[in-house]
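Let me begin by presenting the structure, written as structure tokens, before commenting on it.
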Amino acid sequence: MRIVVVGDVMLDVDLSGEATRLSPDAPVPVVDVSGVRRRAGGAGLVSRMLAQDGWPVTLVTVLGDDDAGNQLRGHLAGVRLVAGTSGYPSPVKTRVRAGSHPVVRFDQGCEKTPVPDVTPAMLRAVEKAGVVIVADYGRGLAANPQLRNLLARLAADVPIIWDPHPAGPDPVPGVAVVTPNISEATRAAQSGGGSVPTSADPAAAVGEVLLERWRSQAVLVTKGEEGAVLLRQGETPHAVPAPRVEAGDPCGAGDRLAASLAVHLLAGRDLPEAAGLAVHDAADFLAAGGVSALPDTGETDAAAGTPRPAPVPARRTTEPLLLARSVRENGGRVVATGGCFDLIHAGHIRSLSAARELGDCLIVCLNSDDSVRRLKGPERPIIGQHDRAELLLAMECVDAVMVFDEDTPEAALDRLRPDIWVKGGDYKGARLPEADLVESWGGRCLTVPFHPARSTTGLADALAKVS
């Protein structure tokens, strides 16, 4: 199930350095450039994010026949590129930073151009999509009539995420979700000439106007650090909170959100859950450094004097539902196990390693923090769910983690449907509580060796005595 990104691509250039003096010619800072980074921007950035996460992704776009266009092709390693010719210079956006502060940005080739043509190969690539992201950056591709007609036909059967641009056209009717930020949404709502109703939440108010005008299935208005609000036909607005993060440059957050929405919808999640996960993914992206933390390019192209990206190694996804589907479609066996894993010890590692040997991937169903508190008491968990998941994923034997909020893993198992459900050997001789459910789809329940000398509760009690 391939993700297809449709949209405009530009070359982003970051010049970074230090400014310790003013120019003698004018009262402007002199930036001593110490680093130059080039990357694909716009729809290219969305595609690169997905490819680096290991997703099969096709980018449908148009490129200029110039040096910047050639550089863009090099910066899209790992992406299946289906590109027509724009007939115009490739847009280049150059940002200059002194330390962490932006100084200036200058654009080349970014003037408005006519709507580009699309090739039959571009249309065929879109038709094969399992999910589509339209990353409109106002360069005209999203306004092509042939492409719009195709997207309108696909909208009934394929999830389409439309990331709009103020200079671009309205989304085609029927798309799964449109993702403007609050500034874009306000501008779009006011541009129609109608009035925007007053509301305690301005994002919800403009979202309601756009939901009616665009005739999309949903509108997700993002509000930066305040999260987002999801609006769907006939439903009350649904607030999507964002975790608090320390982030400087918000560049790329919208692209990360659109990419994550596509992944979660492709995995079969409903839109409210997918939106919540995507907002958290965007926050995590910014907390990790945003676009500046993306892997740098590899060898230097001596002729052009610019970095050329090394091919992105294919990585298996850690998204549990899509991983299970991929393994199953390739004839593999999905193994799952579960627990709190509050303090990971040697017994856990031995049991997890033994479980992984039973199949082709191991997915851990992990109790959320709220679930652990209900099961173990208000003092638990000692370690939060995000850190517990990260520790599990750091193990070679664990391929994915699925966090669940219920007291038992049945709901998670029903969505995951593993071929084998594994528990520790302390259940030996007794029928597992999940056996009936697992066997209902033809799965099996097995036990692996249990190590009674190792106990999370025992470790927690020992730590309490020390403290």
**Prompt:** Is segment 304-319 home to any residue that is modelled with pLDDT under 75, part of a helix (DSSP H, G or I) and either buried (at least 16 other Cβ atoms within 10 Å of the Cβ) or not polar (S, T, N, Q) (or both)?
**Reply:** no
**Asked** Taking interchain pairs and intrachain pairs at least six residues apart, which have beta carbon atoms under 8 angstrom, with the first residue in segment 324-343 and under 25 Å from residue 406 (Cβ atoms) and the second buried (at least 21 other Cβ atoms within 10 Å of the Cβ) and polar (S, T, N, Q)?
**Response** 337/351; 338/367; 339/367; 340/367
**Hits in segment 3-14 - residues which are part of a strand (DSSP E or B) and either among the acidic types (Asp, Glu) or surrounded by fewer than 18 Cβ atoms within 10 Å (Cβ to Cβ) (or both)** = 12, 14
**Asked** For segment 128-154, how many residues are surrounded by fewer than 21 Cβ atoms within 10 Å (Cβ to Cβ) and under 21 Å from residue 259 (Cβ atoms)?
**Response** 4
**Request:** Output the number of residues of segment 377-403 satisfying the condition of being touching a residue at least 60 places away in the same chain (Cβ under 8 Å), under 21 Å from residue 319 (Cα atoms) and touching a helix residue (DSSP H, G or I) at 6+ places or on another chain (Cβ under 7 Å).
**Result:** 4
**Message:** Can you go through 77, 68, 19 and tell me which one is open to solvent by less than 50 Å² (accessible area, probe 1.4 Å), part of a strand (DSSP E or B) and in contact (Cβ under 8 Å) with a residue 24 or more places away in the chain?
**Reply:** 19
**Prompt:** What is the number of the single condition among (1) open to solvent by 40 Å² or more (accessible area, probe 1.4 Å); (2) within 30 Å of residue 16 (Cα to Cα) that residue 157 does not meet?
**Reply:** (2)
**Asked** Among the residues of segment 140-159, is there at least one that is assigned to a strand (DSSP E or B) and modelled with pLDDT of 95 or more?
**Response** no
**Request:** Test each condition in (1) touching a strand residue (DSSP E or B) at 6+ places or on another chain (Cβ under 8 Å); (2) surrounded by fewer than 23 Cβ atoms within 10 Å (Cβ to Cβ) for residue 265 and report the one that comes out false.
**Result:** (2)
**Prompt:** Can you name every residue in segment 251-262 that is of a type outside the set (Lys, Arg), at pLDDT 90 or above and either closer than 30 Å to residue 96 by Cα or open to solvent by 10 Å² or more (accessible area, probe 1.4 Å) (or both)?
**Reply:** 254, 255, 257, 258, 259, 260
**Complete:** Of the listed residues (30, 46), the one being assigned to a strand (DSSP E or B) and not hydroxyl-bearing (Ser, Thr, Tyr) is 30
**Prompt:** Does residue 373 count as out of contact with any helix residue (DSSP H, G or I) (no Cβ under 8 Å at 6 or more places or on another chain), surrounded by fewer than 20 Cβ atoms within 10 Å (Cβ to Cβ) and not aromatic (Phe, Trp, Tyr)?
**Reply:** yes
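The values are calculated or read from the model by the stated rules, or taken from the named source; none is laboratory data. This is a predicted model, so every value here is computed, not measured. For neighbour counting, all protein chains shown are included, and Cβ atoms are generated from backbone atoms with ideal geometry for every residue, glycine included. To get the accessible areas, we keep the full protein, side chains included, count just its heavy atoms, and leave off ligands, DNA and RNA. Shrake-Rupley method; radii C 1.70, N 1.55, O 1.52, S 1.80 Å.
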